[in-house]
Amino acid sequence: MEEVPHDCPGADSAQAGRGASCQGCPNQRLCASGAGATPDPAIEEIKEKMKTVKHKILVLSGKGGVGKSTFSAHLAHGLAEDENTQIALLDIDICGPSIPKIMGLEGEQYVEDNLGVMSVGFLLSSPDDAVIWRGPKKNGMIKQFLRDVDWGEVDYLIVDTPPGTSDEHLSVVQYLAAAHIDGAVIITTPQEVSLQDVRKEINFCRKVKLPIIGVVENMSGFICPKCKKESQIFPPTTGGAELMCQDLEVPLLGRVPLDPLIGKNCDKGQSFFIDTPDSPATLAYRSIIQRIQEFCNLHQSKEENLISS
């Protein structure tokens, strides 16, 4: 889906607000005044605020229910196991903020000394409250999170996003673009109905020039804890994530098998890494986290080389 109609001259064009295609557009007067082409001053403010954040990672999924928030939380847990590494987890799923529950933080705003969390869920009077906002108000909240929160010295900022390629995604990419995003981790499940939306997400990343760290295939089989036999609960119909990644030339970071303790621990607000250190899911997570760290370190080295040259 295009960000604007194909016949829109664009806010930066000399014909902005004056062309035939502008007739009837609700933004016609704004574009004609030239205000639409004015850069948002918050972008520079956020760039300044983000100077203390080394790495910025977006967690995306074209489809809901694939375990994106669970992955974001456990990526944060895994990175925070190093006490010398400072982690921040930002939940910009404005309408469905599940991070406070998954992190065991309902009514709180922090986890431990080296892992901080921010979510609109902390601003609601009740977890059952519905957030009924249009795009501009969502965008304003994301701007506030990035600009006004005192993030401090952070090694990794992980941004958990809602499903899709819409307001929230465009806003966070726009606001963080000048601050250099390391890349996006895209979450999917094996079946084709999920992969269809992931292809859209990959296309979105390429259109907005957002680097893709790789794809994670979540719920990739179920290994029985007793007999150790693997069952395909969501069998792929066209080769799964591996074939899709090959076709689109995107790295497959790994597969995470389904483990019943993941859901139970998320409901309790706990990391399942501690309870099940030898679980196939834990081992898969640790391998994926290591690959993400390697990508970020390489990305940082490239930026430092560009600056020095």
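Worth pointing out:
- Expressed as a whole percent, the accessible area of the chain that falls on carbon and sulfur atoms is 51 (1.4 Å probe).
- Answer label for Cα extents along the principal axes in Å (calculated), chosen among (i) 95, 65, 44; (ii) 70, 51, 45; (iii) 58, 46, 43: (ii)
- Amide N of the stretch 189-226 lying under 19 Å from the label point, which is placed 7 angstrom from the Cα of A177 along Cα→Cβ: 201-213
- Checking the cross-link pairs K51/K207; K63/K228; K137/K200; K228/K264 against a 22 Å limit on the alpha carbon distance flags K51/K207; K63/K228; K137/K200 as lying beyond it.
- Residue of K200, K228, K47 that the Gaussian network model of the chain assigns the largest fluctuation, springs spanning Cα pairs under 10 Å: K228
- Computed about its Cα centre, the charge dipole of the chain is approximately 720 debye, with only Lys, Arg, Asp and Glu carrying charge at their Cβ.
The values are calculated or read from the model by the stated rules, or taken from the named source; none is laboratory data. Please read these numbers as outputs of a predicted model, since none were measured by experiment. Please note: Cβ atoms are built from the backbone with ideal geometry, for glycine as well, and neighbour counts cover all protein chains shown. The protein model used for the area step is the full one, side chains on, heavy atoms only, and it has no ligands, DNA or RNA in it. Shrake-Rupley method; radii C 1.70, N 1.55, O 1.52, S 1.80 Å.
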